[in-house]
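To keep things clear, I will list the structure first and then write my remarks on it.
Readers should treat all values here as calculations from the given coordinates under stated rules, not as data from a laboratory. Model, not experiment: these values are computed from the prediction. We place every Cβ from the backbone using ideal geometry, glycine too, and count neighbours over all the protein chains shown.
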Amino acid sequence: MQITDIVHDYLGAHLKPGDHALDATAGNGYDSTVMATLVGPEGHVIAIDIQVSAIDATRTRLAAAGCLAQVELLVADHAQALNSLCSNYAQTMSAITFNLGYLPGSDKSIQTEPKSTLGGLRAASELLKPGGLLLVTAYRGHDGGQTEANQVADWMQTVQERGWTVESHEPIVTGKRVPPILWVARKI
Ligand SMILES: C[S@@+](CC[C@H](N)C(=O)[O-])C[C@H]1O[C@@H](n2cnc3c(N)ncnc32)[C@H](O)[C@@H]1O
């Protein structure tokens, strides 16, 4: 099973019509579309990406799936955007996803970086409502990927010490490829 399928299964089991959710790395819009479909027209999704091309691709995918109306699209750095959103959306989000790394088929130099990832995660912990789900996928095979994953692991340890439940998943991969890792954290 692909790690993205595991993420979508968690979202499917958790999100309900009318919920609020946030995709901190919209990319090609796969996760945003799953979220928007699950929350329905009475719900609300905020999808963020630092690249205009990613937000354009997300808009196209959402429109094709008939769920663009319930999504707010933002071209922004997720640390800055999530911090700004805290004033209006604190403790309102049912689920937040981070799918770290670079956009497949795009400029690999534009990738998530530990500083903004950790800033985004801290703000995400404010935006989630109690019981809300934080799903973070990290890829460890590219330059900087393992360092970023280590810092996310440390952050997950700190929220676990605050009482959150945290699980991790690492799919089995063939050959020498380093598997991605998914953290599933539930806020208390
Ligand atoms: C692995 S892709 C995400 C794939 C996406 N979840 C999907 O369903 O298609 C990672 C994305 O993070 C974006 N990104 C990198 N740094 C960012 C930042 N500081 N703030 C927001 N997005 C960022 C990249 O532009 C890229 O589109």
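Summary table below
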{"read-out": "Computed FRET value (nearest 0.05) for residue 169 with residue 72, which takes r as the C-beta separation and R₀ as 45 Å", "value": "0.95"}
{"read-out": "Assigned charges on the beta-carbon of Lys, Arg, Asp, Glu; the range 3-170 dipole about Cα centre (debye)", "value": "200"}
{"read-out": "Mean ellipticity per residue at 222 nm, deg cm²/dmol - from DSSP H runs of n ≥ 4 across the chain, formula -39500 (n - 2.57)", "value": "-13000 deg cm²/dmol"}
{"read-out": "Environment charge at residue 111 (Cβ cut-off 10 Å; Lys +1, Arg +1, Asp -1, Glu -1)", "value": "-3"}
{"read-out": "Calculated FRET value between residue 115 and residue 65, using beta carbons and R₀ = 41 Å, to 0.05", "value": "0.80"}
{"read-out": "Fully extended contour minus Cα-Cα distance, from residue 52 to residue 151, at 0.36 nm per residue", "value": "32.9 nm"}
{"read-out": "Counting DSSP beta bridges with both ends in the range 3-170, the antiparallel % (nearest 5)", "value": "5"}
{"read-out": "Charge context of residue 89, other residues only, Cβ under 13 angstrom, K/R +1, D/E -1", "value": "-2"}
{"read-out": "13 Å beta-carbon shell around residue 187, net charge (K/R +1, D/E -1)", "value": "+3"}
{"read-out": "Cα principal axis extents for the range 18-104, largest first, Å", "value": "31, 27, 16"}
{"read-out": "Rh (Kirkwood; distinct C-alpha pairs) - the chain, Å", "value": "16.3"}
{"read-out": "Listed residues 22, 85, 135, most fluctuating in the chain (Gaussian network, C-alpha, under 10 Å)", "value": "85"}
